[in-house]
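The values are calculated or read from the model by the stated rules, or taken from the named source; none is laboratory data. Because the structure is a prediction, the values reported are computed rather than measured. As a convention, Cβ positions derive from the backbone with ideal geometry for all residues, glycine included, and neighbour counts pool all protein chains shown.
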């Protein structure tokens, strides 16, 4: 919360390809003194265009490749006229490495997302009065973190199939069984939840929902087997109780990744963003 954004202008590493609608680049930008890689997509035309940062869900960093995780969203939003910056996060792809324990709090990822917005603002063809953020799964949690730590950074946000808005629920559900050594390292460094309750409470975005100033659209499938639907229901209730202009759209029968109704959900997302950014 006390650390101001400082992303620096994105540096183009190479042009991946060009279509009739946009040009896609591999880029890097700076975050906390680290180099973070990502994908930048610029629509055809002069602009200025609205900009959006995309925060991907959990993919094992050792196998992750740049731009992975939100390919459908990248294409749809670029075709809709948005400049897209998809951040890889630190420790992923060509980004500088970090220790697994440092990744687990998601605070570094949050700063990378915040600094990605700042990087977008520095591009002359981006309208810095029309900025948004979208996150899926773990990236939904990263997006909520960004909203509570930097109110006013963006003008609207969208979360898909998000993780829980409480840190320990995610740790128990995803990490404790699959990566127990990371949990042990976290507890050794910061104490257990019983020893350091404030520390873990302050890692949960729901603790600060009253700081959110932007409208939020959430999507969740009723058959999500990865991020249980009650998480989305509780997050929505707490956001509304905190005064957030939030809306949760349920998609009957959709699992975590969205299949049959993904295009419908993206159409709704684009309508929401165009309305809130104008």
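Side notes on the structure shown:
- None of 195, 129 is part of a strand (DSSP E or B) and farther than 26 Å from residue 33 by Cβ except 129.
- Among the residues of region 26-41, the ones that are more than 14 Å from residue 93 (Cβ to Cβ), surrounded by fewer than 21 Cβ atoms within 10 Å (Cβ to Cβ) and touching a residue at least 12 places away in the same chain (Cβ under 8 Å) come to 2 in all.
- Being within 21 Å of residue 48 (Cβ to Cβ) and buried (at least 24 other Cβ atoms within 10 Å of the Cβ) holds for only one residue in 153, 147, 123, 134, and it is 134.
- Top-ranked residue of region 156-168 - restricted to ones that are surrounded by fewer than 24 Cβ atoms within 10 Å (Cβ to Cβ) and not in a loop (DSSP other than H, G, I, E, B), ranked as nearest to the chain's Cα centre (by Cα): 156
- Across region 181-190, a minimum of one residue is classified as modelled with pLDDT under 95, closer than 25 Å to residue 229 by Cα and in contact with a helix residue (DSSP H, G or I) (Cβ under 7 Å, 6 or more places away or on another chain).
- Under the condition of being surrounded by 19 or more Cβ atoms within 10 Å (Cβ to Cβ) and over 21 Å from the mean Cα position of the chain (by Cα), the residues counted in region 207-240 number 0.
- Hits in region 169-206 - residues which are surrounded by 15 or more Cβ atoms within 10 Å (Cβ to Cβ) and closer than 19 Å to residue 137 by Cα: 169, 170, 171, 173, 174, 175, 179, 203, 204, 205, 206
- Cβ pairs under 8 Å, 6+ apart, first in region 1-19 and over 27 Å from residue 150 (Cβ atoms), second modelled with pLDDT under 95: none
- Those residues of region 139-168 which are closer than 22 Å to residue 95 by Cβ and touching a strand residue (DSSP E or B) at 6+ places or on another chain (Cβ under 8 Å), in sequence order: 139, 140, 141, 142, 143, 144, 146, 153, 154
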